[in-house]
């Protein structure tokens with residue numbers, strides 16, 4: 001696979017009428033994690049750790065920073081955060097596919113310089129089963 005442009009990774013949210021791009025994100029990250037369940041005991045072979053397959057918790061984290069596309073996108077993110085709403089989100093990864101599912105905004109930060117635009121940082125945590133659609 002050839003190198004991909006970072007700007008092509010898109011973060012979208014379901015606004016009730018369909019998925020819309022949240023903002024002009026300048027940096028984005030999607031991380032998958034799987035918690036393990038340790039079943040090691042005093043009789044484990046060679047005292048090596050033993051794990052129970054499929055027993056742990058899976059989760060995904062999304063984060064991004066940049067500028068909001070418009071006042072509507074800013075308002076939607078702010079509304080979802082302050083209400084603690086779990087909404088449908090999509091992450092579109094070029095030449096890989098689309099990850100979709102419920103996420104909750106866990107952090108929303110605003111910053112600005114006197115001679116520049118207002119920027120924001122957003123963090124989301126998965127809140128249910130995610131699906132993956134290939135490119």
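The values are calculated or read from the model by the stated rules, or taken from the named source; none is laboratory data. Keep in mind the model is a prediction, meaning the values are calculated, not measured. Cβ: placed from backbone, ideal geometry, glycine included. Neighbour counts: every protein chain shown.
Tabulated values for the structure
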{"read-out": "Single condition residue 64 does not satisfy, out of (1) under 16 Å from residue 110 (Cβ atoms); (2) loosely packed, with under 12 Cβ neighbours inside 10 Å; (3) out of contact with any helix residue (DSSP H, G or I) (no Cβ under 8 Å at 6 or more places or on another chain)", "value": "(2)"}
{"read-out": "Test: residue in region 74-85 that is within 20 Å of residue 10 (Cβ to Cβ), at pLDDT 90 or above and touching a helix residue (DSSP H, G or I) at 6+ places or on another chain (Cβ under 8 Å)", "value": "no"}
{"read-out": "Output for region 10-25, where each listed residue is surrounded by fewer than 16 Cβ atoms within 10 Å (Cβ to Cβ) and either at positive phi or modelled with pLDDT under 85 (or both)", "value": "16, 18, 24"}
{"read-out": "Residue satisfying condition, being assigned to a strand (DSSP E or B), modelled with pLDDT under 90 and touching a strand residue (DSSP E or B) at 6+ places or on another chain (Cβ under 7 Å), within set 122, 92", "value": "92"}
{"read-out": "Residues (assigned to a helix (DSSP H, G or I), free of Cβ contacts under 8 Å to residues at least 40 places away in the same chain and under 26 Å from residue 9 (Cβ atoms)) located in region 41-73", "value": "71, 72"}
{"read-out": "Any chance residue 28 is more than 25 Å from residue 134 (Cβ to Cβ) and either crowded, with 16+ Cβ neighbours inside 10 Å or modelled with pLDDT under 90 (or both)", "value": "no"}
{"read-out": "Subset of region 105-119 that is modelled with pLDDT under 90 and touching a strand residue (DSSP E or B) at 6+ places or on another chain (Cβ under 9 Å) - its residue that is surrounded by the fewest Cβ atoms within 10 Å (Cβ to Cβ)", "value": "113"}
